[in-house]
Every structure is written in C-alpha cells, then in structure tokens.
Amino acid sequence: MDLQRHARALAASRRLLRSPLYAQKKPLPGGQALYTYERSLWPQPLEQVEAPAGWEAEKVVCSSRGGAFATLLTSLRDLLERPLSVRCWDNPGYVELEALLECLAPGRWSWAWRRETMAASLRHRRAELFLLGADQQLALLTTGAVVLDRLPDQDFWEQYQGWLLILVQPEAPLVGCQPYSLSLYGRVSQQPGLSSTAMAAELARRVRSVLGVSLSYTRLWESCAPAGAAAASPILPPPRAWPPPPGYQGEEAAYLKELAKWRLRTLARADRSRPLPLPELEKRLLAYDQAPDGWELQPMLFSSAMAALSALSLLMPRVQSQAAYFETQFLRQVLRQEEACDVAWFESVRYDWELTPWDLKIQNRPAVLVLDTTLTGQRLRLGQVLQQHRPQLAVRVFSALKLDQRGQELENCGAVLLAGPPEIVGAVRQGLERLRSLLGTLPGCARLSPDWILRPNDGHAEAVLQNNAWLAARLRPGGLLQRVVHPRTLGAPFVVLHCQHPHYIAAALERESRRRALPFARGASFGFVAHRHEYVIPVLRDQRILYKVAMGSSPGPSRQGVLELLQEVFAHSDLNALRRSFPGLRPAPPARDWSAPSQRMLDFLAGSP
C-alpha cells in the first residue's frame, strides 16, 4: 500500500507542475494572513490538524460546504487519473450535492438505500469514493477512500484499512460565510517525499483556488478584529450620495494621495451601509452589451472571475477551449472535460507571451460560444461577435475587479452575460444560479454598491488600454530588451516584454523607481491608476518567464517617466553593464502571488525522479 501511495504521489507531482503556485502575505488585525496553497493563517493556523498515532493529516478550508465537496471530487478525480465513481449512503445532507455529483461524476454516482447494499459495495470497492455520513462502522469494510461527517473514536483508527479518510466539517463562521474544511487522513508513509495524503492536499489547495471557493481576504479581515475592538457601527440605509472621486488638477502625486483617501472613505461608507440587492447590481451589467432582436440578455455576478468560469465549466463540460490564462487552463485540465465538444471557449486577447488577439474565426459552428473579455474592456462585445456568428447561446465573462472599479479594487467580482433565446437563457441561468448557491460564490454586495462601480463608460478602462498602447508604441527593443508585445487593435491592460535577466531588471526598476519617486511599483495585477511591473512564471513546469509592465490610467507625467526609466535600464548591453550602473544589485524573486511553491513541494521535487 505504501508503494501504491508513493506512486500516486510521484504521478500527481508532475501534474501539479501545470498549475500556478503562490505564497503571499497580507496584514490582518492582530496578525497576518499567509496566503498560500500550503497554509492559510488568520492569524492562528487555520489549516492545522492533529493526527492519531501512525497517521498523517492535512486540512484544506473552503468557503462553503458545496465548495469543499467540489474541491474534493475534482481533486480525487485528477489524482486518480480516471473518471470518479461515487457511492452515497442514505443521508439527507448529501441530497443537495446531487447537482455537483452529476457535474463531476456524471453517470458514475448512485445512492445505496439499504445497508446491506452499501456494505457489499464497500467490500468489493465498487466505487472510488464512498460518502458515509456519520456511519464509521461501514468505513471499516473497505480499503477505498471514504467521507465522514465527524471524527471517529480512537478504536476506529486501529482497524481502518482505507487509503484515505476525509472529514467534511464546518469551521468557525466568518462574516457572511460559513467555511467548511476537508481534513484528509492517511497512514504515515515509509517512503521518502510526499505521501498521497500530502499530495492530495497540495492539489486540493490549487483546485480550491481555480474553483473560486477560497476564503477571501475581505472576509478574513472582517472576521479577525482583535480582542476588545469596538463594536461594529449600526447598519445605515444605502447612502443617497457616495463620496465623489477627486479630479486631476495637474499635480499627480497629490492626485494619487487624494484617490487613496477617497477609497478609504468609500470603503468606510460601504461597510456601514445596507448593500444594494444583488438584482440591482446585476442590472448594471446590461449597459455592457446588447443582444440581437428576439434574443434576451441576462446578467449575473459571482464572487470572482474564476468562480464564474468554474460554474460555466461545470455546467458546460463539452468544451473546446482556446483560453491561455494559466488558471483557466488548469481548471480545464483538472475538470477533465469530454473529448466531444459543443462549446467553443475564446479569450478576446489570449493571456500568453504574444498577447494573441482572437481573429473572430471559429472552425466549427458550436452550440455555445463563451468569450472572456477580461483584458479588453469594452473593445470587443457580444453584439459585435454575433454579427458574424449565431450560436444557440453566447456567453460573455470577465473579471469585474480589474477595469470596472476605477482601479480601486474594492471587492472581487466576476461578471457573466448570457445572450440567446429566452427559453435557453432562462434554463442556463437557473443552472448557474444553482451552482452559485451550492458553491457559495455569491458576490459581496456591500462594496459593489457605490454608484460608480460597474459603469462601462466611466473612461477608466479605456485610459488604461490607451496608456499601455502609448508605451508599446514608444519603447524600442535593444540592449537587454528583445521584443515588445502588445495587440494594436483590441489592446491589453499591460505590455509583455521579452528581455534578458528579468530577475535583475525587476530589481533595478524597483530601486530606481523609489529613487525617482515614480508611481511604478512591483505588482502582478493590472488596471490601477498608478503603474506596475512584475515578472511571473505562470506554469512552474515550463519555467518560462512572463515580464509585464501594466500602465495605469493616470494622466500625469509619470507615464513619460516610466518610459524613460525603461529605456535607460534596458539600454545596457549586458548584465555586467547593468550591475556596474547599479552597484550591489541583487536578483529580485518572481511575483510571490503566482510563482512560489511551498517549501515541502520544493524539497519533494528536488529529490523526485
């Protein structure tokens, strides 16, 4: 059994290298949150669990019960490298999971209504996973993986022969969220490296992220006020007027400071006010697009873009995807979609090293067209696409965090627009609403309530795209800079630079930006008012670096300052010349929010064949 577990761990480790990895720290009241697939701390370790003697244990916390089960089913299916079969013992608590089981184990899950039937299934391993509720005696009949609702007594551990035991239990409630944990138990492996228990947990933390069921920073912050903190202010009615944004008066530094103050005032008001109802917020999305005559346009909001993408993927599994964004690719891989396809999935501009724009061509006429427009704002809409293609259903999806909140990022949010005949749109919306409720991926409405959020014509997105096009047109290759990549027509909110020695380039830009007081910080995101730069390794296996410069929407002189700084740094002929200009320069690590695997994963991979 140890050899089987070790073989699974080795196979899974290679598949884990498909995924983005991250470890990022953020402050919390009275502590710090360590955002990593390895551990989540807030401020005490939330994902630590004790194991009985001779066993090892891992804990993975998700934002909802449905999210925990979706993470478990997806992770085991990918770990076992085959379709997952599930057998459910008579338990009312599992009834609500039928929609998930149909998505993740279609035609391969069933109920056992008689105890004798379930016992026979367990003895003969007629499924890969058994959901047994609180019946720990049944779990003793199998060597397979089982799910229980409560921790068994001590005698159980001496008799249990299964390779994996999973407890699904509620955690302490957070503000607007009831987290559930997956506690995974397996016997201590005698082989070196990661056991299958640890590997399953590593995989589950990545799956949790791409399904959009991780604990959000906002919820952690609101739930971690230090002891003795003042009581929360009473909830006020929605304000008649929100704090107005500052205007640009010609002094960029002062403008950026006023923006930061305005953001804090808006957050304080939003957190004390009664949020707008979700249907009212969703109606704002109707201004983003239009449907042809006879078709209906239905808007939906999710807690994140990945939550929206995962719900679409679960509902529409027969997908041929052209998406290049690394989280989307990992989502498609772990969900193991069927080969037969009737859904075509495109990005308006692919998130790759060439920022390849979609040419609006489709080889086969799909029943459903899904278009991700996160990188292009309003420059490509369904109304334009549907003039050339008319599928049975068209779906537009985008992150409403980056370009739709004036660069302030008050609340993570993903937007979906469904266009099609009313009866089809209504049925798809019903399915997405069911999955959104089950996975717990409703958006936080309070911080989306300000009247300037989700307004497609506010000018911010277009200013971001124009500033990046301006930089790409003026930055010339040479020296350490090999190529500048930016799509001319549709644009993008950042510019990709193909360069030598990105580790040193990042360090030099960071040092010189501080010296010149340029609003040009290191950061992997985009769509802000100020400017950013960063290099990332989207897929650890490839070890291929993507260097991004993300110009913000600021109309000030920093735009010219960033261009001049880039030209000066990249003009060096080689690394020695760069280091002579910047004495003591040390290589900067890659973006910690995507590229840093856990230490135990590094240790394991260093010794694995």
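The values are calculated or read from the model by the stated rules, or taken from the named source; none is laboratory data. Just so it is clear, the model here is predicted, and its values are computed rather than measured. Counting neighbours? That spans all protein chains shown, and the Cβs are built from the backbone with ideal geometry, glycine included. Ligands, DNA and RNA are stripped out before the accessible areas are found, and what is left, the full protein with its side chains, is counted by its heavy atoms. Shrake-Rupley method; radii C 1.70, N 1.55, O 1.52, S 1.80 Å.
Can you tell which of 469, 461 is over 24 Å from the mean Cα position of the chain (by Cα), within 20 Å of residue 380 (Cα to Cα) and aliphatic (A, V, I, L, M)?
Working: 461 fails: over 24 Å from the mean Cα position of the chain (by Cα).
Exactly one residue qualifies, and that residue is 469.
Take segment 365-374 and flag every residue that is in contact (Cβ under 8 Å) with a residue 40 or more places away in the chain and not aliphatic (A, V, I, L, M). Break it down stepwise before answering.
Step one: list which residues in segment 365-374 are in contact (Cβ under 8 Å) with a residue 40 or more places away in the chain, which gives 366, 368, 370, 372, 374.
Correct list: 366, 372, 374.
Any idea which residue in segment 355-364 is most open to solvent (accessible area, probe 1.4 Å), counting only those that are farther than 19 Å from residue 549 by Cα and under 27 Å from the mean Cα position of the chain (by Cα)? Walk me through it before giving the result.
Applying the first criterion (farther than 19 Å from residue 549 by Cα) to segment 355-364 yields 358-364.
Still in the running and under 27 Å from the mean Cα position of the chain (by Cα): 358-360.
Details: 358: 27, 359: 94, 360: 35 Å².
Looking at the filtered set, the residue picked out is 359.
Checking the structure you have, find out if any residue of segment 504-513 is among the charged types (D, E, K, R), within 21 Å of residue 463 (Cα to Cα) and either surrounded by 20 or more Cβ atoms within 10 Å (Cβ to Cβ) or within 28 Å of the chain's Cα centre (by Cα) (or both). Lay out the reasoning, then the answer.
Going through segment 504-513, the residues among the charged types (D, E, K, R) turn out to be 510-512.
Within this subset, residues satisfying the condition of being within 21 Å of residue 463 (Cα to Cα) are none.
Scanning segment 504-513 turns up no residue that is among the charged types (D, E, K, R), within 21 Å of residue 463 (Cα to Cα) and either surrounded by 20 or more Cβ atoms within 10 Å (Cβ to Cβ) or within 28 Å of the chain's Cα centre (by Cα) (or both).
For segment 54-76, give me the residue count where each residue is without any contact (Cβ under 8 Å) to a residue 60 or more places away in the chain and over 13 Å from residue 203 (Cα atoms). Break it down stepwise before answering.
First pass over segment 54-76, keeping only residues without any contact (Cβ under 8 Å) to a residue 60 or more places away in the chain: 73.
Okay, now just the ones that are also over 13 Å from residue 203 (Cα atoms), so none.
Total meeting the criteria: 0.
Here are some conditions: (1) surrounded by fewer than 24 Cβ atoms within 10 Å (Cβ to Cβ); (2) at pLDDT below 90. Residue 194 meets all but one. Which one does it not meet?
(1)
Just to verify a result, which residue in segment 144-163, among those that are outside any helix (DSSP H, G or I) and either in contact (Cβ under 8 Å) with a residue 40 or more places away in the chain or in contact with a Pro (Cβ under 8 Å, 6 or more places away or on another chain) (or both), is most open to solvent (accessible area, probe 1.4 Å)? Steps first, please.
So in segment 144-163, the residues outside any helix (DSSP H, G or I) come out as 144-153, 160-163.
Of the ones still in play, those that are also either in contact (Cβ under 8 Å) with a residue 40 or more places away in the chain or in contact with a Pro (Cβ under 8 Å, 6 or more places away or on another chain) (or both) are 145, 147, 149, 160, 163.
Values: 145: 1, 147: 0, 149: 51, 160: 0, 163: 8 Å².
Filtering segment 144-163 for residues that are outside any helix (DSSP H, G or I) and either in contact (Cβ under 8 Å) with a residue 40 or more places away in the chain or in contact with a Pro (Cβ under 8 Å, 6 or more places away or on another chain) (or both), the one most open to solvent (accessible area, probe 1.4 Å) comes out as 149.
If a residue must be more than 19 Å from residue 315 (Cα to Cα) and open to solvent by less than 80 Å² (accessible area, probe 1.4 Å), how many such residues does segment 91-102 contain?
Looking only at segment 91-102, we keep the residues that are more than 19 Å from residue 315 (Cα to Cα), and these are 91-94.
From what's left, open to solvent by less than 80 Å² (accessible area, probe 1.4 Å): 91, 93-94.
Qualifying residue count for the region: 3.
Go through segment 267-298 and give me each residue that's under 19 Å from residue 378 (Cβ atoms) and either open to solvent by 70 Å² or more (accessible area, probe 1.4 Å) or among the hydroxyl-bearing types (Ser, Thr, Tyr) (or both).
Correct list: 283, 286, 288, 290.
Quick one: would you say residue 81 is open to solvent by 40 Å² or more (accessible area, probe 1.4 Å), at pLDDT below 90, farther than 23 Å from residue 311 by Cβ and not aliphatic (A, V, I, L, M)? Explain how you work it out, then say what you get.
On the way: open to solvent by 40 Å² or more (accessible area, probe 1.4 Å): yes; at pLDDT below 90: yes; farther than 23 Å from residue 311 by Cβ: yes; not aliphatic (A, V, I, L, M): yes.
For residue 81, the condition - open to solvent by 40 Å² or more (accessible area, probe 1.4 Å), at pLDDT below 90, farther than 23 Å from residue 311 by Cβ and not aliphatic (A, V, I, L, M) - is met.
Among residues belonging to segment 241-266 that are open to solvent by 30 Å² or more (accessible area, probe 1.4 Å) and of a type in the set (Ser, Thr, Tyr), point out the one that is nearest to residue 531 (Cα to Cα).
So the residue we want is 255.
Would you check if residue 446 is of a type in the set (A, V, I, L, M), at pLDDT below 95, under 30 Å from residue 277 (Cβ atoms) and open to solvent by 10 Å² or more (accessible area, probe 1.4 Å)?
yes
Take residue 535 and tell me if it is open to solvent by 10 Å² or more (accessible area, probe 1.4 Å) and among the hydroxyl-bearing types (Ser, Thr, Tyr). Write out each step before concluding.
On the way: open to solvent by 10 Å² or more (accessible area, probe 1.4 Å): no; among the hydroxyl-bearing types (Ser, Thr, Tyr): yes.
Taking the combined requirement at face value, the residue does not satisfy it.
Give the residues of segment 557-591 that are crowded, with 18+ Cβ neighbours inside 10 Å and either part of a loop (DSSP other than H, G, I, E, B) or free of Cβ contacts under 8 Å to residues at least 12 places away in the same chain (or both), sorted by residue number.
Listed by number, the residues that qualify are 572, 588, 590, 591.
A quick yes/no check of all residues on (1) touching a Leu at 6+ places or on another chain (Cβ under 7 Å); (2) part of a strand (DSSP E or B); (3) among the aromatic types (Phe, Trp, Tyr):
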site: 476; (1), (2), (3): no, no, no
site: 493; (1), (2), (3): yes, no, no
site: 504; (1), (2), (3): yes, no, yes
site: 508; (1), (2), (3): yes, no, no
site: 512; (1), (2), (3): yes, no, no
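Please state which of the following conditions residue 402 fails to meet, knowing it meets all the rest: (1) farther than 26 Å from residue 546 by Cα; (2) in contact with a Phe, Trp or Tyr (Cβ under 9 Å, 6 or more places away or on another chain).
(1)
Are any residues in segment 368-404 open to solvent by 10 Å² or more (accessible area, probe 1.4 Å) and of a type in the set (Gly, Ala, Ser), and if so, which ones?
Matches in segment 368-404: 377, 383, 399.
Give 455, 429, 488 a once-over and let me know the one that is among the basic types (Lys, Arg), modelled with pLDDT of 95 or more and farther than 27 Å from residue 208 by Cβ.
On the way: 429 fails: farther than 27 Å from residue 208 by Cβ; 488 fails: modelled with pLDDT of 95 or more.
Only one candidate passes the filter, namely 455.
Within segment 72-107, track down each residue that is over 25 Å from the mean Cα position of the chain (by Cα) and among the basic types (Lys, Arg).
Of everything in segment 72-107, just one residue is over 25 Å from the mean Cα position of the chain (by Cα) and among the basic types (Lys, Arg), namely 87.
So which residues in segment 422-443 are open to solvent by 30 Å² or more (accessible area, probe 1.4 Å) and more than 30 Å from residue 552 (Cβ to Cβ), if there are any at all? Please lay out each step first, then the result.
Of the residues in segment 422-443, the ones open to solvent by 30 Å² or more (accessible area, probe 1.4 Å) are 422-424, 426-427, 429-430, 433-434, 437, 442.
Passing the criteria: 422, 423, 424, 426, 427, 429, 430, 433, 434, 437.
Under the condition of being touching a strand residue (DSSP E or B) at 6+ places or on another chain (Cβ under 7 Å) and open to solvent by 10 Å² or more (accessible area, probe 1.4 Å), which residue from segment 109-126 is nearest to residue 140 (Cα to Cα)? Walk me through how you get there before you give the answer.
First, the residues of segment 109-126 that are touching a strand residue (DSSP E or B) at 6+ places or on another chain (Cβ under 7 Å): 109-112, 118, 121-122, 126.
Those still in the list that are open to solvent by 10 Å² or more (accessible area, probe 1.4 Å) too: 109-111, 126.
On the way: 109: 21, 110: 20, 111: 19, 126: 15 Å.
Residue satisfying both the conditions and the ranking: 126.
With the condition kept exactly as written, say whether any residue in segment 295-317 is more than 26 Å from the chain's Cα centre (by Cα) and free of Cβ contacts under 8 Å to residues at least 60 places away in the same chain.
Looking through segment 295-317, none of the residues is more than 26 Å from the chain's Cα centre (by Cα) and free of Cβ contacts under 8 Å to residues at least 60 places away in the same chain.
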